[in-house]
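Asks: I have a structure here, written as structure tokens, and I will follow up with some questions on it.
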Amino acid sequence: VQTFEGHPFWITDDQGLVYRKPNETSFTSVASPAGQRFISLLLSKEGQVIVGTDSGEWLVWAHRKVTGKPLFRGSLHDHTAIRKITQDLNGRIWLATNRIGVWVWEDQKTAPIHLDGLPNGAVYDLFTDTFGVTWIATEHGLFKAKEKQQNIKKLGEGVSMQVNGMAPWKQGMLMSTASGIFYSQRNQLTPLRTFDETYSPYIGQLLTDQNGQVWGLDKDNLVKWDESKRVFRVAFPEITTSITQLRKTAGGQVLMVSGDQLGWVPSDENAGIKWNNIPNGFKGYDLSGLVMDKGQRIGLATKEDGLWVGNWGNEASWERLIACGKQVHSLAMGEGQDIWGVTDQGLVWYKIDKGNVSCGIVEIRTSVPQKIKTIFVEKDLVWFTSESVVGYINKSDKLGNNWGRATGLDGYFGDSVFAKDAEGRLLLGGRDGAYVCNLFQHGMYEKDKIKILDYGVPGKAAEWNVVRDKIILDYPFNSLVIRMSSLDYWELADIYIQYRTEGLDKEWIYRYGHMLNIERLPVGEYRLHVRMADSYGVWSAAQAVQLRVLGAWWKSEWALLGYVLVFAGIIFVLWKYKINKIKHEERIQYLEKEKEIAIAKEKIEAEERNKELIMQFRQDVAARIHDHIKGDAAAIMRNCEYLEKTEDFKEKGILKLKNIKLLAQQSYDYSKDLEIIIDDNVEEVDKFFNYMIDVAKRYLDAKLIFSKFVSHPEYKITPILRDKILSFYRLVLGNIGEHADATHVQIELRFVHNKIQIKISDNGKGFAITSNTFGSGLKNMKTHIRAIGGDVQILSSSGNGTCVECLVDVNQVADSFALFSRKSDQKDLSIL
């Protein structure tokens, strides 16, 4: 029973709402339940009679006009009973239900708002005391309701600006306004570029693609944000037609309308824009919105021809839907395949299932009709604006029974824009500025869930790292700062954080604010648990993340393993080196033995050959002596016989005696040569050259001789070389003495670079060299020299003398005949 101005009202089981007039004992039925039971009653301070039913409805009548239809009828969920109704000091109506908690009804223009922080379940009673505090008795215990906070708040105190576009950028939101470019992060508004002659105040429809690049429209040109210059620049100058629509696909690409074509910027914008014709001959000015899902299915909102849905590049797949309105003013797409729009019939949902498109109209019931202008879909909520209302509704509420109204703002919001920043804040941009919405108060996120956004490392580069599966701190860093999504977007001072590190902390550790600073973590791997409490004192469920603190790399297990491997490798290398050294020494010894054997064998072979050469040389010398002496003796005998028979002894005998003397002299010289050839004392080059000069002086008049020689005492000349050289030498001197008629002879003897050079020049009569010139004498010269590997060159002309030059390479002779060696080699090679 409730009494108003002395007039009692009752609710009964069989007659519904009854009323007893003053001074009467009977009751009058003023409202029939009409198939439902009235179970709660309130007479408001404004004189209204409010009744709650067992089916979730509440009915409102005026006190003076209780009979007839109610002034207002509202409804919560089906199968929900409104057990108790009360009114607080601010005039708000509180509805207690049997299973879905408490709802607060502001006025007839808005839907009731669910009271956050109260566990779902049966509410038995509620009461507002004289201090304005509402007490709630539930199956979970007694609760006290706090004064409701605003659920939307303006950014930048005293800042008034018209927001044309917003897009998430870095850790906040980039805004284009009529006053310049602004950046919003954590309720802080920072101007990036103010209005000047280079800034266009008409940039709108901002969006951020999958690469983090911000795009927008400057009147009808596609522009992109240049962070270095802090200015928007034209993206594709080759586009000459006007761009009227700009949207982001479900995959994060940029979708646009230009003229009669749809354009799609792929992930690699350098690849160019992909174009396709708009179906059914539509132009850009015929469209009011568009969306594109991950399957490249496109929805086109037309101004007069309903919604068109089809696949990119397949004109035959397009179909039209006009059941929910021909005039489609705007479109928005959520994370799934659901599309929401605003048509001439109101807020509309569209469902696309395997090519079949259906739709439905969501009725937003208010006492004052609201014409919806813009919409935005995010997670489970659909936000919408009208001229004076910013509202939201759960996507599952297709009847519009439980839509809510954002509080804390005032003004015109018909052409507002919505966007969600990088940290999850929902921002609203209007004619007089930007607002941030507290999404937790609208049920957009459950209060028992928080999100660890990113982390920074003190002392490292000033950047935030996105938290993925694990946080890894490299040596020498062992501290970090973690940022989390806040349970309350502006009451940051009232937020508590608790954290506990498994393996380090036994109890929860308290902190204030939405940022957690942990210092001096020891090396190891941990599991970090974090939970938060909002300004109501309600704690969230704990979130966990793996945390690994790395030590110095030279102390890690891998480093220790590396040290062991390196040490083992060094031991192995040393052992291998020792083994190889032993093998190498053994091989050297083996090779030395083989070399000694080879040298010994060569010595034996050389000795045998030397014996053969000596024997052959002795036989040659003996034969030459025998032949020479025999020849000289025969000549002497002939001369003596001639002397016996001659009658004119005086003249011819003297001549024969001279011949005998000459023959005897030749025999003497020859025997002297043999002595020089065989004598080991004249092996040195200079001694041999001196003997050759003496021979020339005996052959020729000493006055005709000019001689010089360059020797090398370190070398010696073998007997065979001396024999061949002297034979050649005497032939040359003999030719000069007998035929040249020379008055001057120059002899040059050189031993340079292991080569014997003999050059004999005269100023005699000479001779002309032809093919028939070389007789036996000249041929014998060449024969002697070539026998020891040398060469002879003869230069002569009539009247200009003769030059005979001989060159013998003693190394070649030594290699070929083993006839020459250095003194230092005498130990290894027998020298003849």
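No lab work stands behind these numbers, since they all come straight from the coordinates. Computed from a predicted model, the values in this text were never measured in an experiment. Cβ atoms come from the backbone with ideal geometry, glycine included; neighbour counts cover every protein chain shown.
Asks: I need the phi-derived Karplus couplings for region 272-280: 6.51 cos²θ - 1.76 cosθ + 1.60, θ = phi - 60°, integer Hz, Gly and Pro marked x.
Replies: Rounded to whole hertz, the list is x, 7, 8, 10, 8, 6, 6, x, 6.
Asks: Counting pairs of alpha carbon atoms under 8 Å apart in space and at least six apart in sequence, what relative contact order in percent does region 162-442 give?
Replies: Working: 668 pairs, mean separation 34.2, N = 281.
Dividing the mean separation by the residue count of region 162-442 yields 12 percent.
Asks: In whole angstrom, and with the biggest value first, how far do the Cα coordinates of region 555-609 range along each principal axis?
Replies: 75, 11, 7
Asks: Which GluC sites (Glu not before Pro) in region 246-331 pass both tests, a DSSP loop state and at most 13 other beta-carbon atoms within 10 Å?
Replies: Filter output for region 246-331: Glu304.
Asks: Can you give the direction-averaged projected area of the convex hull of the alpha-carbon atoms in region 452-551, in nm²? All intermediate terms of the calculation are to be shown ahead of the outcome.
Replies: Numbers: hull surface 25.0 nm².
Value for region 452-551: 6.3 nm².
Asks: Could I ask something else about it? Any chance you could check the Cα centroid distance between region 494-531 and region 542-614 for me, in angstrom?
Replies: 57
Asks: Next up: Hey, what do the phi angles of region 757-766 turn into as Karplus ³J(HN,Hα) couplings, whole Hz, using 6.51/-1.76/1.60 and θ = phi - 60°, x for Gly and Pro?
Replies: Each residue of region 757-766 in turn: 10, 10, 10, 10, 10, 9, 10, x, 6, x Hz.
Asks: So if I restrict to the alpha-carbon atoms in region 162-442, what is the Rg, and what is Dmax, the biggest pairwise distance, in Å?
Replies: For region 162-442, the Cα radius of gyration and maximum Cα-Cα distance read 18.2, 54 Å.
Asks: Taking the Cβ of Leu473 as the center, what net charge do the other residues with Cβ under 13 Å away carry, scoring Lys and Arg +1 and Asp and Glu -1?
Replies: Its environment carries a net charge of +1.
Asks: Would you grab the residues whose amide H sits under 5 Å from the one on Tyr526? Only those 5+ places off in sequence or on another chain, please, with H modelled 1.01 Å from N.
Replies: Leu547, Arg548, Val549
Asks: Can you list residues from other chains, or at least 5 along the same chain, whose modelled amide H is less than 5 Å from the amide H of Val231?
Replies: Asp226
Asks: Another question about this same structure. Apply the Karplus curve 6.51 cos²θ - 1.76 cosθ + 1.60, θ = phi - 60°, to the phi angles in region 161-173 and return the couplings in whole Hz, x for Gly and Pro.
Replies: Here the 3J(HN,Hα) series is 7, 8, 8, 9, x, 9, 8, x, 8, 6, 9, x, 9 Hz.
Asks: Let a ≥ b ≥ c be the square roots of the eigenvalues of the Cα gyration tensor of region 288-336; is it rounded (a/c under 1.5), or, if not, prolate (a/b larger than b/c) or oblate? All intermediate terms of the calculation are to be shown ahead of the outcome.
Replies: Details: a/c = 2.14, a/b = 1.28, b/c = 1.68.
Because a/c hits 1.5 or more and a/b fails to exceed b/c, region 288-336 counts as oblate.
Asks: Tell me whether region 2-145 comes out rounded, prolate or oblate; compute the Cα gyration tensor, take square roots of the eigenvalues as a ≥ b ≥ c, and use a/c under 1.5 as the rounded threshold.
Replies: Verdict is prolate for region 2-145.
Asks: Amide H neighbours of Leu290 under 5 Å, counting only residues 5+ apart in sequence or on other chains, H built in-plane at 1.01 Å?
Replies: Under 5 Å from the amide H of Leu290: Ala301, Leu331.
Asks: Counting every Cα pair in region 502-561, what percent are over 12 Å apart? Numbers along the way, then the final one.
Replies: Working: 1342 of 1770 pairs.
When all Cα pairs of region 502-561 are counted, 76 percent exceed 12 Å.
Asks: Sticking with this structure for a sec: Exposure proxy check: Thr240, Thr138, Thr194 ranked by fewest other beta carbons within 10 Å?
Replies: Fewest-to-most ranking of Thr240, Thr138, Thr194: Thr240, Thr194, Thr138.
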